[in-house]
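Asker: Got a structure for you, questions after.
The values are calculated or read from the model by the stated rules, or taken from the named source; none is laboratory data. For clarity, every value in this text was computed on a predicted model and none was experimentally measured. Positions of Cβ are generated from backbone atoms using ideal geometry, with glycine treated the same way; all protein chains shown enter the neighbour counts. Heads up: the accessible areas ignore ligands, DNA and RNA and are worked out on the full protein's heavy atoms, side chains in. Shrake-Rupley method; radii C 1.70, N 1.55, O 1.52, S 1.80 Å.
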Amino acid sequence: MATKMDVDEDVGPAPPDLNRLYDLDSYLKPFDKEIKRRYKCFVEVLEHINQHEGGLEKFSRGYENFGIHVTEDGGLVMREWAPGAVELYLMGDFNGWNKTSHSFEKKPFGKWELVLPPKDDGSCPLDHLSKYKLVVKDKNGHLLERICPWAKYTIPSNETKIYEAMFWNPPEKYVFQQSRPAPPRSLRIYESHVGISSWEGKVADYKHFAYNVIPRIKKQGYNCIQMMAIMEHAYYASFGYQITSFFAASSRYGPPDDLKLLIDTAHKEGITVLLDVVHSHASKNVLDGLNQFDGTNACFFHAGSRGNHDLWDSRCFDYTNWEVLRFLLSNLRWWMEEYQFDGFRFDGVTSMLYHSHGIAHGFSGGLGEYFGLPTDSESLTYLTLANHMLHELYPNCITIAEDVSGMPALCRPVSEGGNGFDYRLGMAIPDKWIKILKEYKDEDWNIGDIVHTLINRRHGEKTIAYAESHDQALVGDKTLAFWLMDAEMYTNMSCVSEMTVTVDRGLALHKMIRLITHGLGGEGWLNFIGNEFGHPEWLDFPRVGNNSSFHYARRQWNLVDDDLLRYKFLNNFDRDMNLTENHFGWLADKQAYVSSKHEGDKVVVFERGGCVFVFNFHTHQSYTGYRIGCDVPGKYKIVLDTDDPAYGGHSRLDHTTEFFTEPIEHDKRANSIQVYMPARTGFILAKQDDKKET
């Protein structure tokens, strides 16, 4: 942080690099006071932490002080924050589940402490994997059983299915063998869920993912894994978004050390690993969650209606509370330190940013929508503080915001008055593709509207583009492949059967949609596990409504591994698309220049990363000698082609053809090339070096 800052007497210190933000977007200048006010809120909290807690580095290590810990003499010390409790006790296997025999000592500021001496033989009073619970005596004299908020390992009871804390103290600690890889130049994310990663009807485990799925991810050209549903959640069908234990890695996939093995394995392959972190809300569970932990309706959350998220039926954190800040910031540090994650995808950021949680809020794009009373300054301050901490302590840390609103400066540095995220998700893009496939005939596709959606992002704020994610795969919707081919995916995906019109169209558009999104839609790419090969149907976790079936909660790798099925074509294309990007690096390049978006011809042409991308979305019209603009003169060749027979295409393009530019201005480009464009085909041209061709 800069030591000298301009000071506005009304709002306090200005962000030291604020002018950089205004250089990017001068339209933000009318909101100068609000931007400075928000920055002041962040600075004030940071200064309080520095003054009273010895700095962020120390403040964010709450997990070393709170919860249960072994002392030097072999005993235990346990500390908790329960401001509403009258008394606090510890019970478990160690004391025959006596509720009141081991009482905590009350400390200032709602904190409690219990010290247990070692056993007579000097060993720890709690055995490894022994169960324990907290007992809170509330103001009415009731004894309430609670789970430790800082618990590192929890499992469901065989009798009640309620999650219980287990003391994790293995005789040998896991030692990471690999260091973190350097952050990727171009981020290609494989969005993953461990539990569904097997083709079998069961909950897969960490080791299965490490040994069977990571090799697939590596082969497909992805350099980043986004891990969903890792933070413990009692309800499997919540997809990991109703967190009950924030410091516990989900035990349904195996013990904590197996997750460390998974991350170690990914790092060995040079793959970055991000955690899908949920700090936007928490489960309403009382017995195995944070809700009503101290016997009140507040504690970690706002009291009253503000503490409830009506749409998600969950609790909302009180980000102004000192101990809540310690808890959440320490939670981020825990996953970075203990498990060696490389960063986070923050879930539900839009819900945090606005008092309405974004519900029934259209976000027209007018800047006034973002800098007024609808914005929740307290949540925004927390997010800014979290990003500041992560990037100060871990310079290579990657943070991604799940935000659909388009909050300005969300992905600009804190020093500029931004909120410090590195990327935001391009959430409008998959919605657009699904809407098109649901509502429009192919010949009615609006090319200009498609291009606008793909390029409509804030300049200087990086976006993760994707054609579909887990949201589109959930029950009630369908994957892109299933929207395109539907029932024929059950009957006509065999290579030994005749290619039907439906499957031919589906394969072609699946590849084209992904390629144009990959090339034009952002500065990073995301794919949900299995969608790279056109996984059929939808995703539905075992629950009462489906008779606890695992049929739709798995990934059918057998489909893509069968050489006689056409799924392999989509998989091959996805791999080569990523590998081509890895070579040319268009995701890391500036936003593309779109030279043509022709409605009648259904043609899109743009340049990025030294490549010329060409798309013909026409249902049946091919074009010979079609002139396209090209800025850089020279010799070009095709380096990727959706119509390649290796991808289930018809081989209508000759990859040995050399295209020479002509100094003929076209579509406002200094040079141009004449190309053949088959119907429903996309391809990439790259300039060739005479000495060394690509």
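Asker: Go through the range 378-398 residue by residue and tally those that are among the small types (Gly, Ala, Ser) and either more than 19 Å from residue 274 (Cβ to Cβ) or open to solvent by 10 Å² or more (accessible area, probe 1.4 Å) (or both). Reasoning before the result, please.
Answerer: Start the filter on the range 378-398 by keeping residues that are among the small types (Gly, Ala, Ser), which leaves 379, 386.
Those still in the list that are either more than 19 Å from residue 274 (Cβ to Cβ) or open to solvent by 10 Å² or more (accessible area, probe 1.4 Å) (or both) too: 379.
Here the count works out to 1.
Asker: Okay, next question. Please determine, by comparing only the residues of the range 597-614 that are out of contact with any Phe, Trp or Tyr (no Cβ under 8 Å at 6 or more places or on another chain) and in a strand (DSSP E or B), which one is surrounded by the most Cβ atoms within 10 Å (Cβ to Cβ). Explain how you work it out, then say what you get.
Answerer: In the first step, residues of the range 597-614 are kept if they are out of contact with any Phe, Trp or Tyr (no Cβ under 8 Å at 6 or more places or on another chain); the result is 597-600.
Now restrict to residues that are in a strand (DSSP E or B): 597-598.
Numbers: 597: 20, 598: 16.
Top of the filtered list is 597.
Asker: Being at pLDDT 95 or above, of a type in the set (D, E, K, R) and buried (at least 24 other Cβ atoms within 10 Å of the Cβ) narrows it down to one residue among 232, 269; which is it? Full working, then the answer.
Answerer: Details: 269 fails: buried (at least 24 other Cβ atoms within 10 Å of the Cβ).
That would be 232, the only listed residue that is at pLDDT 95 or above, of a type in the set (D, E, K, R) and buried (at least 24 other Cβ atoms within 10 Å of the Cβ).
Here's the yes/no breakdown for (1) under 18 Å from residue 259 (Cα atoms); (2) in contact with a helix residue (DSSP H, G or I) (Cβ under 7 Å, 6 or more places away or on another chain); (3) in a loop (DSSP other than H, G, I, E, B):
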site: 145; (1), (2), (3): no, no, no
site: 172; (1), (2), (3): yes, no, yes
site: 182; (1), (2), (3): no, no, yes
site: 191; (1), (2), (3): yes, yes, no
site: 200; (1), (2), (3): no, no, yes
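Asker: Could you please find all residues in the range 581-627 being among the hydroxyl-bearing types (Ser, Thr, Tyr) and within 14 Å of residue 522 (Cα to Cα)? Give the derivation first.
Answerer: As a first pass, look at the range 581-627 and keep what is among the hydroxyl-bearing types (Ser, Thr, Tyr): 593, 595-596, 619, 622-624, 626.
Hit for the range 581-627 is 593, nothing else.
Asker: Sticking with this one: Taking residue 652 and the conditions (1) closer than 25 Å to residue 448 by Cβ; (2) in a loop (DSSP other than H, G, I, E, B); (3) in contact with a strand residue (DSSP E or B) (Cβ under 9 Å, 6 or more places away or on another chain), which numbered condition does it fall short on, given that it satisfies the others?
Answerer: Against the list (1) closer than 25 Å to residue 448 by Cβ; (2) in a loop (DSSP other than H, G, I, E, B); (3) in contact with a strand residue (DSSP E or B) (Cβ under 9 Å, 6 or more places away or on another chain), residue 652 comes up short only on (1).
Asker: Does the range 324-349 hold any residues that are in a helix (DSSP H, G or I), under 21 Å from residue 175 (Cα atoms) and open to solvent by less than 10 Å² (accessible area, probe 1.4 Å), and which are they? Don't jump to the end; show me each part of the working.
Answerer: Of all residues in the range 324-349, those in a helix (DSSP H, G or I) come to 324-338, 349.
Then drop every residue that is not under 21 Å from residue 175 (Cα atoms), which leaves 331-338.
Once the filter is applied, which keeps residues that are in a helix (DSSP H, G or I), under 21 Å from residue 175 (Cα atoms) and open to solvent by less than 10 Å² (accessible area, probe 1.4 Å), the range 324-349 yields 331, 332, 333, 335, 336.
Asker: Further, regarding this structure: For residue 304, are the conditions met, namely being out of contact with any strand residue (DSSP E or B) (no Cβ under 7 Å at 6 or more places or on another chain), over 26 Å from residue 61 (Cα atoms) and surrounded by fewer than 16 Cβ atoms within 10 Å (Cβ to Cβ)? Don't jump to the end; show me each part of the working.
Answerer: Details: out of contact with any strand residue (DSSP E or B) (no Cβ under 7 Å at 6 or more places or on another chain): yes; over 26 Å from residue 61 (Cα atoms): yes; surrounded by fewer than 16 Cβ atoms within 10 Å (Cβ to Cβ): yes.
Answer is yes for this residue.
Asker: Give the range 245-304 a look and list any residue that's among the β-branched types (Val, Ile, Thr), in a loop (DSSP other than H, G, I, E, B) and closer than 24 Å to residue 226 by Cβ, or say none.
Answerer: Step one: of the range 245-304, the residues among the β-branched types (Val, Ile, Thr) are 263, 265, 271-273, 277-278, 286, 296.
From what is left, the residues that are in a loop (DSSP other than H, G, I, E, B) are 271, 278, 286, 296.
Once the filter is applied, which keeps residues that are among the β-branched types (Val, Ile, Thr), in a loop (DSSP other than H, G, I, E, B) and closer than 24 Å to residue 226 by Cβ, the range 245-304 yields 271, 278.
Asker: How many residues are touching an Asp or Glu at 6+ places or on another chain (Cβ under 9 Å), more than 14 Å from residue 270 (Cβ to Cβ) and buried (at least 16 other Cβ atoms within 10 Å of the Cβ) if we restrict to the range 166-188?
Answerer: So the count comes out to 3.
Asker: Quick one: in the range 548-596, of everything that is among the basic types (Lys, Arg) and either in contact with a strand residue (DSSP E or B) (Cβ under 7 Å, 6 or more places away or on another chain) or assigned to a helix (DSSP H, G or I) (or both), which residue is most open to solvent (accessible area, probe 1.4 Å)?
Answerer: We begin by selecting, within the range 548-596, every residue among the basic types (Lys, Arg); these are 554-555, 566, 568, 575, 590.
If we keep only those that are either in contact with a strand residue (DSSP E or B) (Cβ under 7 Å, 6 or more places away or on another chain) or assigned to a helix (DSSP H, G or I) (or both) too, we end up with 568, 575.
Values: 568: 40, 575: 56 Å².
Filtering the range 548-596 for residues that are among the basic types (Lys, Arg) and either in contact with a strand residue (DSSP E or B) (Cβ under 7 Å, 6 or more places away or on another chain) or assigned to a helix (DSSP H, G or I) (or both), the one most open to solvent (accessible area, probe 1.4 Å) comes out as 575.
Asker: In the range 27-34, is there at least one residue being in contact with a Gly (Cβ under 8 Å, 6 or more places away or on another chain) and open to solvent by 60 Å² or more (accessible area, probe 1.4 Å)?
Answerer: Within the range 27-34, none of the residues are in contact with a Gly (Cβ under 8 Å, 6 or more places away or on another chain) and open to solvent by 60 Å² or more (accessible area, probe 1.4 Å).
Asker: Still on this model: Given the criteria over 17 Å from residue 465 (Cβ atoms), surrounded by 22 or more Cβ atoms within 10 Å (Cβ to Cβ) and either within 32 Å of the chain's Cα centre (by Cα) or small (Gly, Ala, Ser) (or both), does residue 647 qualify? Explain how you work it out, then say what you get.
Answerer: Numbers: over 17 Å from residue 465 (Cβ atoms): yes; surrounded by 22 or more Cβ atoms within 10 Å (Cβ to Cβ): yes; either within 32 Å of the chain's Cα centre (by Cα) or small (Gly, Ala, Ser) (or both): yes.
So residue 647 fits the description; yes.
Asker: Same structure, new question: Out of 214, 225, report the one residue that is assigned to a strand (DSSP E or B) and crowded, with 21+ Cβ neighbours inside 10 Å. If you could, list the steps in order and put the result at the bottom.
Answerer: Numbers: 214 fails: assigned to a strand (DSSP E or B).
Only one candidate qualifies: 225.
Asker: Could you figure out which of (1) at pLDDT 95 or above; (2) part of a loop (DSSP other than H, G, I, E, B) isn't true of residue 468?
Answerer: Looking at each condition in turn, residue 468 falls short on (1).
Asker: Filter the range 476-529 for residues that are open to solvent by less than 10 Å² (accessible area, probe 1.4 Å), among the hydroxyl-bearing types (Ser, Thr, Tyr) and in contact with a strand residue (DSSP E or B) (Cβ under 7 Å, 6 or more places away or on another chain) and give the result.
Answerer: Of everything in the range 476-529, just one residue is open to solvent by less than 10 Å² (accessible area, probe 1.4 Å), among the hydroxyl-bearing types (Ser, Thr, Tyr) and in contact with a strand residue (DSSP E or B) (Cβ under 7 Å, 6 or more places away or on another chain), namely 517.
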